[in-house]
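Q: One structure, pasted below without further comment.
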Amino acid sequence: MTTEEIRERLADKVVGIAGCGGLGSNCAVALARTGIGKLILVDDDKLEATNLNRQYFFADQIGEYKSLALRDNIHRIDDTILVETHVIRLDPGLVTKLFADCDVIIEAFDQDNEKQMIIETVLGDMPDKSIISGQGLAGYGKNDMIGTMHSGRLYIVGDHQSEVSPTHPPLAPRVGIVANMQANLVLEILLITD
Amino acid sequence: MEILLNNRKESIDKDEITLAELIEYKKFTFKLLVTKVNGQLIKKDIRSKSIIRDGDEVLVLHMISGG
């Protein structure tokens, strides 16, 4: 497929992004550049200075809600992409409601309990949706440990073991790799199954 | 019995075992897991009632903070 053919195929597709931090912001930008038709961004946090080491935002956006700032950044790249934003903390009821029309859902949360919540909600309550989760991205190096695991409608990208901690922080390269692998899988799912 | 645990063959010296027992036996120590048996999501509160038998496919995923 040519670039234009790919853009045409993606033009009517909708991707839900749960969390607009390191994974969500980088994944959303990659999908926007590729020509996804619509993104649904959900995050209730405001941007902090410490987020700029890995998240797709700029210093003059500190203090803004991430979902709204990410919409602005996406529209600076391509203002034809539809972006729906929600400044809210997701729970199972909201996941099924807000992501009902998505073709694929990206799990891009920071916290393990939120990751579990959305995976169980999508697998348990949304029978036709695929979810792509990022698991294990802290630190640096170890490129070859990052991979994809697939079980039915659940896809896991990451090294499956590196948890963040004060001495094992999330950094731009590894977070960006996992986020872009999530976006890459979205393309594979949407372009192959279409 | 032989099962497929996280896409790897695993021999267990029993005829059946509950999912909760398997998690204990294999020492999956992370506090938050997502589990599936034969493609079906099994939530935490029913892991002690989910029986694993020969030939079953079991998935035990660690939830790893960071994003």
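Q: Under a 5 Å amide H to amide H cut-off, with H placed in plane at 1.01 Å, what residues pair with A:SER133 once short-range neighbours are removed?
A: HN-HN under 5 Å from A:SER133: A:GLU107, A:TYR155, A:ILE156, A:VAL157.
Q: Could you please state, rounded to a whole Å, how far the C-alpha centre of region A:175-194 is from the C-alpha centre of region B:1-55?
A: Going from one Cα centre to the other spans 29 Å.
Q: Test of understanding: in a Gaussian network model of chain A with alpha carbons linked when under 10 Å, which of A:GLY152, A:GLY21, A:GLY35 would top the mean-square fluctuation ranking?
A: A:GLY152
Q: Rounded to whole Å and ordered largest first, report the semi-axes of the equivalent ellipsoid of region A:22-163 derived from its Cα gyration tensor (root of 5λ). Could you put the intermediate results ahead of the total?
A: Working: eigenvalues 102, 80, 45 Å².
Ellipsoid semi-axes (Å, largest first): 23, 20, 15.
Q: Express the accessible area of region A:3-193 per residue in Å², computed with a 1.4 Å probe while the remaining protein chains stay in the model.
A: With the other protein chains kept in place, region A:3-193 gives 43 Å² per residue.
Q: Then there is this: Could you tell me the accessible area of B:SER50 in Å² (1.4 Å probe, neighbours in place), rounded to the nearest ten?
A: That residue has around 20 Å² of solvent-accessible surface.
Q: Which percent of the accessible area of chain A is formed by carbon and sulfur heavy atoms (probe 1.4 angstrom)?
A: 50 percent
Q: Rank-order B:34-44, A:22-32 by packing density, defined as the average count of other C-beta atoms within 10 Å over each peptide's residues, highest first. Walk me through the intermediate numbers first.
A: Details: B:34-44: 17.5, A:22-32: 27.2.
In descending order of packing, they fall as A:22-32, B:34-44.
Q: Please list, in chain and number order, the residues 5+ apart from B:LEU32 or on another chain whose amide H is under 5 Å from its amide H, with Hs placed from the backbone.
A: B:MET63
Q: Compute the convex hull volume of the Cα atoms of region A:145-187, divide it by the residue count, and report the result per residue in Å³ as a whole number.
A: 73 Å³
Q: Another question, then. Any chance you could get the radius of gyration and Dmax over the Cα atoms of region B:2-62, in Å?
A: 10.3, 27
Q: Round to a whole number: what % of the accessible area of chain B belongs to carbon and sulfur, probe 1.4 Å?
A: That share works out to 44 percent.
Q: Are there any residues in region B:11-36 with a reduction of at least 40 Å² in accessible surface when going from the isolated chain to the assembly of protein chains? Probe 1.4 Å, please list them by number.
A: So the qualifying set is B:LEU32, B:VAL34, B:LYS36.
Q: Mean separation of Cα pairs under 8 Å and 6+ residues apart, divided by the residue count of region A:112-192: what relative contact order is that in percent?
A: About 30 percent, as a whole number.
Q: For A:TYR56, tell me the accessible area in Å² from a 1.4 Å probe, rounded to the nearest 10.
A: Probe radius 1.4 Å; accessible area of A:TYR56 about 60 Å².
Q: Compare each residue of region B:44-67 in its chain alone against the assembly with all protein chains, and report those whose accessible area goes down by 40 Å² or more; 1.4 Å probe, heavy atoms.
A: When all protein chains are present, B:LEU61, B:MET63, B:ILE64, B:SER65, B:GLY66, B:GLY67 each give up 40 Å² or more of accessible surface.
Q: What is the mean number of Cβ atoms from other protein chains located within 10 Å of the Cβ atom of each residue in peptide A:114-122, rounded to a whole number?
A: 4
Q: Follow-up question, since we're still on this one. With solvent modelled as a 1.4 Å probe, how much accessible area in total do chains B and A shield from it at their shared surface, in Å² to the nearest 100?
A: Interface between B and A: roughly 1900 Å².
Q: Note the direction-averaged projected area, equal to a quarter of the hull surface, for the Cα convex hull of the protein assembly as shown, in nm².
A: 14.3 nm²
Q: How many Lys pairs in region A:3-193 lie less than 14 angstrom apart by Cα atoms, where the lysines are 8 or more positions apart or on different chains?
A: On the way: A:LYS13/A:LYS38; A:LYS13/A:LYS129; A:LYS46/A:LYS66; A:LYS97/A:LYS129.
So the count of such lysine pairs works out to 4.
Q: DSSP loop (so not H, G, I, E, B), at most 15 other Cβ within 10 Å: list which chymotrypsin sites (Phe, Trp or Tyr not before Pro) in region A:106-163 pass both filters.
A: A:TYR140
Q: With every protein chain present, what is the per residue accessible area of chain B (1.4 Å probe, Å²)?
A: Result: 59 Å² of accessible area for each residue.
The values are calculated or read from the model by the stated rules, or taken from the named source; none is laboratory data. Quick caveat, the model's predicted, so the values are computed rather than measured. Glycine also receives a Cβ, built like all others from the backbone with ideal geometry; neighbour counts cover every protein chain displayed. Heads up: the accessible areas ignore ligands, DNA and RNA and are worked out on the full protein's heavy atoms, side chains in. Shrake-Rupley method; radii C 1.70, N 1.55, O 1.52, S 1.80 Å.
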